[in-house]
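Read the structure below first, then the notes.
The values are calculated or read from the model by the stated rules, or taken from the named source; none is laboratory data. On a predicted model such as this, the values are computed, not experimentally measured, just so you know. Methodologically, a virtual Cβ is constructed for each residue, glycine included, from the backbone with ideal geometry; neighbour enumeration extends over all protein chains shown. The protein model used for the area step is the full one, side chains on, heavy atoms only, and it has no ligands, DNA or RNA in it. Shrake-Rupley method; radii C 1.70, N 1.55, O 1.52, S 1.80 Å.
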Amino acid sequence: MSNLDTILEDARSHLKRLEPHEVLALEDVLVVDIRPAHNRLAEGEIENSVVVERIVLEWRLDPAGDWRLPGFTADTTVVVVCNEGWASSLAARDLQRVGLPNATDLVGGYRGWRAAGLPIREGGSEPVV
């Protein structure tokens, strides 16, 4: 097992990872897409998601921070989405550390969502910077 496998396993041990249909059923949820622009342009985006580049993720989602996005609280379920559900696990762990205990990620990532036939939109939304 590599160091990265150990780190990923540890991160996931603190998450209640969600399947695509579980996310769709949530009411108080913020879906955050951290995928690179070229992936979003080529494959689309989850409908109603917010694009936040990974480099500013913690600053935009710190519930007590001066640079936070509006429209969520520390109790909101924040679901981080990457391509296939790997990088999002690490990002969700980091969001828990900044004060979002309900932060998690999407099993299978965006590609799992799309494969489930759930609502998507054309890609290319401007990220929150």
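Worth a mention:
- 3J(HN,Hα) along region 105-117: 9, 9, 4, x, x, 4, 5, x, 4, 4, 5, 7, x Hz, from the Karplus curve 6.51 cos²θ - 1.76 cosθ + 1.60 with θ = phi - 60°, whole Hz, x for Gly and Pro.
- Percent accessible area from carbon and sulfur atoms, the chain, protein chains only, probe 1.4 Å: 54
- DSSP beta bridges fully contained in the chain are about 15 percent antiparallel.
- In this structure the chain gives 53 Å² per residue of accessible area when probed at 1.4 Å with all protein chains present.
- Based on DSSP H segments of at least four residues, each scored -39500 (n - 2.57), the chain has a per-residue ellipticity at 222 nm of -9500 deg cm²/dmol.
- Contact order relative to length of region 32-74, as percent, for alpha carbon pairs under 8 angstrom and 6 or more apart: 32
- Neighbour-limited loop hits for GluC sites (Glu not before Pro), region 47-129 (at most 12 other Cβ within 10 Å; DSSP other than H, G, I, E, B): Glu47, Glu122
- Here's how it looks for Val32: its modeled amide H is under 5 Å from those of Val50, Val79, Val80, Val81, which are all 5 or more places away or on a different chain.
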